[in-house]
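Visitor: Please see the structure below; I have some questions.
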Number of protein chains: 2
Amino acid sequence: MLGVGLSRLGHGLLGPVRAYCAMASAGKGLIFRQLFEPVSCTYTYLLADEKTKEAVLIDPVLEKADRDARLIKDLGLKMIYAANTHCHADHITGTGVLKKLLPGSKSVISKDSGAKADIHIQAGDEIKFGNFALEARSTPGHTDGCLTYVLNDKSMAFTGDALLIRGCGRTDFQQGCPSKLYHSVHTQIFSLPSECLLYPAHDYTGQTVTTVEEEKKHNPRLTKSEAEFVNIMNNLNLKKPAQIDIAVPANLKCGIQD
Amino acid sequence: MLGVGLSRLGHGLLGPVRAYCAMASAGKGLIFRQLFEPVSCTYTYLLADEKTKEAVLIDPVLEKADRDARLIKDLGLKMIYAANTHCHADHITGTGVLKKLLPGSKSVISKDSGAKADIHIQAGDEIKFGNFALEARSTPGHTDGCLTYVLNDKSMAFTGDALLIRGCGRTDFQQGCPSKLYHSVHTQIFSLPSECLLYPAHDYTGQTVTTVEEEKKHNPRLTKSEAEFVNIMNNLNLKKPAQIDIAVPANLKCGIQD
């Protein structure tokens with residue numbers, strides 16, 4: 001189940017907390033880019049080791065695959081993994097097209113997502129690229145297969161739709177469950193260092209990043225009690241996502257093109 | 001002409017080149033946030049000294065003033081300056097409203113912009129906030145009053161509409177002049193360290209940042225000769241900016257409300 005460059009590692013084996021900046025200054029340069037797709041307001045993240053040039057793309061979007069591939073080529077990088085945080089309902093993943101544009105790369109998703117991919121991972125697995133690694137934490141509640149990817153120095157985490165800036169993902173379709181989501185955020189994300197930068201899969205207000213400390217203080221939903229949170233989430237009365245009927249079936253193939 | 005916290009400083013007095021990350025790790029924490037407004041695709045930047053809490057907002061947008069003020073309050077910051085890179089033609093600045101929402105702050109723009117503001121600056125001036133400073137470099141060509149703000153360790157620069165990611169600002173209205181813009185970018189921006197992060201006032205493709213090295217290699221316009229660049233810019237045949245007739249008159253007041 002584990003591909004090249006992926007290894008299972010318990011949380012306890014991760015190194016001490018260091019600031020991202022300190023790590024970068026020590027010559028272990030991390031290339032980092034945040035990219036935006038405006039129709040579904042999705043953020044895609046490019047992470048790469050400056051030395052080895054190995055790169056990972058998190059949550060690419062189909063319509064932006066050409067842009068992403070060009071940037072990766074411009075920077076002289078080699079994309080080895082295109083990893084989704086979960087099986088998205090609001091856009092089609094770019095992994096399938098990117099695998100063709102950038103041969104040699106593999107798609108990654110959680111086993112619990114039920115989606116096809118080259119590599120299935122689960123909580124505690126690591127996605128390695130050069131001298132860096134992303135640890136997968138299981139953060140279900142929006143969907144059963146939601147993962148949060150945590151950089152190995154715990155300076156930044158990619159929360160998918162589990163935690164958004166001053167918000168969180170919906171819990172009213174797929175395997176949504178507000179109680180699960182509440183526990184995921186509190187045990188797996190709020191347990192990260194307070195200064196850890198949190199990068200969500202979406203933002204609808206033009207914000208790009210938050211921190212554990214900020215969300216623990218200011219998230220209007222997740223600072224509430226579990227009962228209040230469940231009540232809020234069960235009464236949002238949101239519209240059905242515009243692209244869900246085409247996005248979910250496409251994403252269940254997760255870049256596996258027949 | 002110079003307000004509190006602003007001082008004139010020659011370029012030669014700036015310290016040696018250090019990575020942003022190194023500086024941050026040395027305990028001189030810089031809070032940095034990139035914010036987006038989707039109608040005009042404008043980026044607003046929040047920079048603050050983690051210790052003193054003094055903050056500067058670059059290129060705020062009217063429609064996002066509430067969001068920006070809330071974030072500044074959430075982070076416990078005190079906005080002392082709202083600085084525009086130039087007199088924008090595509091959106092109304094948020095400085096006027098932000099000055100009301102966050103009393104005690106002042107609007108800043110270049111003298112050459114012709115716009116009103118609390119403080120007028122010019123090339124070589126610095127905008128100080130806590131232990132940090134933004135050096136103003138004159139980068140005309142899109143407009144006569146365009147400034148590029150360079151963080152004092154030269155790790156990041158805010159290029160306004162002078163240099164965009166793989167592009168540049170228009171030169172076909174206001175005081176646009178392609179030859180001036182070519183010289184501005186080559187002498188004032190491409191002379192920064194190759195790893196210097198460049199943050200533009202706009203991006204229309206969902207990219208957030210670039211570097212001096214990247215644009216020197218991959219900018220499709222500014223890697224050309226000056227003659228070729230002038231020819232490209234004089235033949236873009238772009239539509240008149242949608243908001244220009246309301247934005248420019250409003251921005252000439254630059255937050256000075258009668």
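Visitor: Please state the charge dipole magnitude for the range B:158-258, taken about the Cα centre, from unit charges on C-beta atoms (+1 on K and R, -1 on D and E), reported in debye and rounded to the nearest 20.
Guide: Dipole size: approximately 220 debye.
Visitor: Sort shortest first the distances from residue B:244 to its counterpart in every other copy, using label points 7 Å along the Cα-to-beta-carbon line, and give them in nm.
Guide: 4.4
Visitor: Hey, can you rank A:83-91, B:46-54 by average C-beta count inside 10 Å, highest first?
Guide: A:83-91, B:46-54
Visitor: To continue, here is another question. Mind listing the label-point distances from residue B:194 to the same position on all other copies, shortest first, one decimal in nm, points 7 Å along Cα→Cβ?
Guide: The answer, with the shortest distance listed first, is 4.1 nm.
Visitor: Let me ask you something else. Tell me, what ³J(HN,Hα) does each residue in the range B:87-92 have, in order and in whole Hz, if you take phi through Karplus 6.51 cos²θ - 1.76 cosθ + 1.60 with θ = phi - 60° and put x for Gly and Pro?
Guide: These are the phi-based 3J(HN,Hα) values: 7, 5, 10, 10, 7, 8 Hz.
Visitor: With 30 Å as the limit, write out which pairs from A:73/A:128; A:64/A:128; A:78/A:253; A:224/B:53; A:64/B:180 have Cα-Cα distances beyond it, or answer none.
Guide: Listed pairs above 30 Å: A:64/B:180.
Visitor: Also, I was wondering about something else. Taking the DSSP beta bridges in the range B:21-236 as the whole, what percent of them are antiparallel, to the nearest 5?
Guide: Of the beta bridges lying entirely in the range B:21-236, close to 65 percent run antiparallel.
Visitor: Using +1 at the Cβ of each Lys and Arg and -1 at the Cβ of each Asp and Glu in the range B:21-236, identify which of B:159, B:103, B:133 lies farthest towards the dipole's positive end.
Guide: Comparing the listed Cα positions along the dipole, B:103 ranks first.
Visitor: Just to confirm the numbers: residue A:228, label point 7 angstrom along the Cα-Cβ line, distances to the other copies in nm, shortest first?
Guide: Residue A:228 label point versus its equivalents elsewhere: 6.2 nm.
Visitor: Using helices alone, what [θ] at 222 nm do you get for the protein assembly as shown, with -39,500 (n - 2.57) per DSSP H run of 4 or more residues, divided over all residues and rounded to the nearest 500?
Guide: -5500 deg cm²/dmol
Visitor: Treating only the Cβ atoms of Lys and Arg (+1) and Asp and Glu (-1) as charged, compute the dipole magnitude of chain B about its Cα centre; round to the nearest 20 debye.
Guide: So the dipole magnitude of chain B works out to roughly 320 debye.
Visitor: Let me check I've understood the local charge: for residue A:207, count other residues with C-beta under 13 angstrom from its C-beta, Lys and Arg +1, Asp and Glu -1. What total comes out?
Guide: -2
Visitor: A further question follows. Stokes-Einstein diffusion coefficient for the range B:21-236 at 25 °C in a medium of 0.890 mPa s, Rh from the Kirkwood formula over Cα pairs: what value in µm²/s?
Guide: The estimated diffusion coefficient comes to 143 µm²/s.
Visitor: Using the Cα centre as the reference, give the magnitude of the dipole from point charges on the C-beta atoms of the protein assembly as shown (Lys, Arg: +1; Asp, Glu: -1; all else neutral), rounded to the nearest 20 debye.
Guide: 280 debye
Visitor: Hey, got a sec? Which trypsin sites (Lys or Arg not before Pro) in the range B:194-245 land in a DSSP loop and have at most 16 other Cβ atoms within 10 Å?
Guide: Answer in residue order: B:224, B:239.
Visitor: Separate question: Quote the convex hull volume per residue of the range B:139-258, based on C-alpha atoms, as a whole number of Å³.
Guide: 114 Å³
Visitor: Next question. Between rounded, prolate and oblate, where does the protein assembly as shown land on the alpha carbon gyration tensor, with a ≥ b ≥ c its root eigenvalues, rounded for a/c under 1.5, else prolate if a/b exceeds b/c?
Guide: It is prolate, given that a/c is not under 1.5 and a/b is the larger ratio.
Visitor: Rounded to the nearest 5, what % of DSSP beta bridges with both residues in the protein assembly as shown are antiparallel?
Guide: Rounded to the nearest five, the antiparallel share is 70 percent.
Every read-out reported here was derived from the displayed coordinates using simple, explicitly stated rules and does not represent laboratory data. Because the structure is a prediction, the values reported are computed rather than measured. Using ideal geometry, Cβ is built from the backbone for each residue, glycine included, and neighbour counts are taken over all protein chains shown.
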